[in-house]
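Q: Okay, here's the structure, questions in a sec.
A short reminder: the numbers here are calculations on the coordinates, not readings from a lab. The shown structure was predicted, so the numbers you read here are calculated from the model rather than taken from an experiment. Glycine gets a Cβ as well: all are built from the backbone with ideal geometry, and neighbour counts include every protein chain shown.
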């Protein structure tokens, strides 16, 4: 890898020199002449053990030219690394990674502020996507077929985007002299066509997290089966932490706080152990009922048993589409599971998403595209099996090709039948190719690599399981924000369905339902309103 520092821009960068990827990571410095995040963390640590004003403490540090990073090393034993590391924020950009990986980063981190590049503003004429390393698959034809599936999806996207624009323009009678209508029409066209985009396409994201969170992400990515995760972890460590990669002029802002970054295998090990235990107890019969659209699969309940929720999460890794008969576990099962959990997890090593739940549970099937938007609501506890290494991708794909995806709500309108059929045919053909590639590729590469790259081939239209949990306040916030005009029609319709189901569950939601405009795919005023 190679590092550079732009003093004029105050940006330090490290890029991969591997031939199979173009990953880059950048950090935007707060103050290039000193370790400002380390100073902030040290100020906080000193402040907590002093009766002085922060002004006096800061003055003392500046006047004495105190080495904050060195002093932090001496006080970790009194405070613990995590509480201090939480006070050092680092601004990092990660470029040219798969969309799937970007979504996973937001999924894994409950404390993160960030943005990902919108598909509306990307040039897909010459698409860039993550490649398969030759040293992990020496068979040229397997790698070429993977590329062909990617390029086929992009050709479908370009072809159907043109047709979608024409049909939407005619249906909603767009006035080309009205710039706001034209802008909305173009954006909505992208919203429909993006269902065809594969999740292995390159994207970039910007995120602000504490040194503690960056450390944890590096440790978990180092432990994952994913070769992409491993590469990103290596780049982040060499940019932010102690490294042999010399970057002239760059002062690493919090290298002393980027700690405990060796592969943290606690989640991986406990999950594998628990799944081995559950496999003999869970029915191998799958339960999958095609409901045709995202809202019909949705269910909301009060979550009264967090242990049952956690066991269900593990079960969904084995049968992502649901088991015909869910596990009826007893006291001995719970003790056995507890032994496997506490053997791997403590206050330093959390279970993560699989162990999270909340007061109100929302579950269903939704597209990866819809979940991309809803995944950003980090006040919600989120569990999506597809983002876990141990998820059985074969069971995820074990359904008819047409049942593997949902389409945009606009394609359900009268007059869109021909265009809808073209989308269905394009996606059905894509899934035939993906399933065949998955079957054959396992003969030429490891199970882990085959599973990882199969996920990169999945389109935004892919229908997958989700479980969200939230408090009353979490849900009222999400509903108020996501039901209103301006956003993607798919998540607006889905979140409104959540509200209707909440109203059926409890009358306290009736006033919000009465005051919320129902999303209507037929409405031109909603179509052109991007406020």
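Q: Which order do peptides 118-124, 42-48 fall in by mean Cβ count within 10 Å, highest first? Walk me through the numbers on the way to the answer.
A: Numbers: 118-124: 12.9, 42-48: 17.9.
Most protected by this proxy first, the peptides run 42-48, 118-124.
Q: Return 439, 267 ranked ascending by Cβ neighbour count within 10 Å, so the fewest neighbours appear first.
A: Details: 439 13, 267 24.
So the residues, fewest neighbours to most, are 439, 267.
Q: Once label points are set 7 Å from the Cα along Cα→Cβ at both residue 305 and residue 379, what is their separation, rounded to one decimal in nm?
A: Distance between label points: 3.0 nm.
Q: Classify region 345-396 as rounded, prolate or oblate, taking a ≥ b ≥ c as the square roots of the eigenvalues of its Cα gyration tensor: rounded when a/c is under 1.5, otherwise prolate if a/b is larger than b/c and oblate if not. Can you show the working numbers first?
A: Numbers: a/c = 1.94, a/b = 1.20, b/c = 1.63.
Oblate, since a/c reaches 1.5 and b/c is not below a/b.
Q: Using a 7 Å offset from Cα along Cα-Cβ at residue 413, what residues in region 488-531 end up with backbone N under 17 Å from the label point?
A: Under 17 Å, as judged by backbone N against the label point of residue 413, lie 488-494, 518-531 of region 488-531.
Q: Let me ask something else. Could you order the peptides 175-182, 523-530 from most to least packed, using the average number of other C-beta atoms within 10 Å per residue? Walk me through the intermediate numbers first.
A: Working: 175-182: 12.0, 523-530: 15.4.
Going by the mean number of other Cβ atoms within 10 Å, highest first, we get 523-530, 175-182.
Q: How high is the FRET efficiency from residue 504 to residue 28, r the C-beta distance, R0 56 Å, rounded to 0.05? Can you show the working numbers first?
A: Values: r = 47 Å, r/R0 = 0.84.
The value I calculate is 0.75.
Q: Tell me the angle of helix 227-240 to the major Cα principal axis of the chain, expressed in degrees between 0 and 90 and rounded to the nearest ten.
A: Here the helix axis deviates by roughly 30 degrees.
Q: Could you give me the radius of gyration and the Dmax of region 146-234, taking only the C-alpha atoms into account and expressing both in angstrom?
A: My reading of the Cα-based Rg and Dmax gives 19.6, 55 Å.
Q: If you don't mind, there's one more thing I want to ask. Treating the angle as unsigned and between 0 and 90°, give the value, to the nearest 10°, between the Cα long axis of helix 68-79 and the longest Cα principal axis of the chain.
A: Approximately 80 degrees, to the nearest ten.
Q: Moving on to the next point. Can you tell me which of 232-244, 421-433, 455-467 comes out highest on packing, and rank the rest after it, using the mean Cβ neighbours within 10 Å? Spell out each step's value before the answer.
A: Numbers: 232-244: 20.2, 421-433: 17.4, 455-467: 23.5.
Peptide ranking by packing, descending: 455-467, 232-244, 421-433.
Q: If you take the C-alpha gyration tensor of region 419-531, multiply each eigenvalue by 5 and take the square root, what semi-axes do you get, largest first, in whole Å? List each step's numbers first, then the result.
A: Values: eigenvalues 281, 79, 25 Å².
In descending order the semi-axes read 37, 20, 11 Å.
Q: Compute the acute angle (0 to 90°) between the alpha-carbon long axis of helix 447-457 and the principal axis of greatest extent of the alpha-carbon atoms of the chain; round to the nearest 10°.
A: In the chain, helix 447-457 runs at an angle near 60 degrees to the longest axis.
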